[in-house]
1. Please compute the alpha carbon radius of gyration of the range 19-72, then divide it by the globular-protein estimate 2.2 N^0.38 Å. Two decimals is fine.
2. If r is the Cβ-Cβ distance from residue 83 to residue 11 and R0 is 30 Å, what FRET efficiency results, to the nearest 0.05?
Amino acid sequence: MASTTSEDRDHLFSHAISYLRHLSGIIGKLDDGQYTRGSKALPGSTIGKHVRHVLDHFSLLFAALADAQSAADNLQHPLGPVDYAHRERNPTTESTE
């Protein structure tokens, strides 16, 4: 497994924050109905559900980055595998209420 340096982690974190700011700008332009309206192309899907899915994954990534950063005994501690299949889901982000 390749080692992940603190510089790599900082770079990854910076790009993730940039992406989330961009996402925030996009969803900030939507009204409540657009955010929660069901998709015609993907039945059962909404923009809110996709946003929840994205945020759940970023939460896991940020937790892994924090764990790697806090490994005080080894600043070159690699960012281990992130198991996206076993994540907490936060359904409150799917709606505007």
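1. Working: Rg = 14.8 Å, N = 54, 2.2 N^0.38 = 10.0 Å.
Taking the Cα Rg and dividing by 2.2 N^0.38 Å, one obtains 1.48.
2. Numbers: r = 22 Å, r/R0 = 0.74.
For R0 = 30 Å, the calculated efficiency reads 0.85.
A short reminder: the numbers here are calculations on the coordinates, not readings from a lab. Because the structure is a prediction, the values reported are computed rather than measured. No Cβ is skipped: glycine too gets one built from the backbone with ideal geometry, and neighbour counts run over all protein chains shown.
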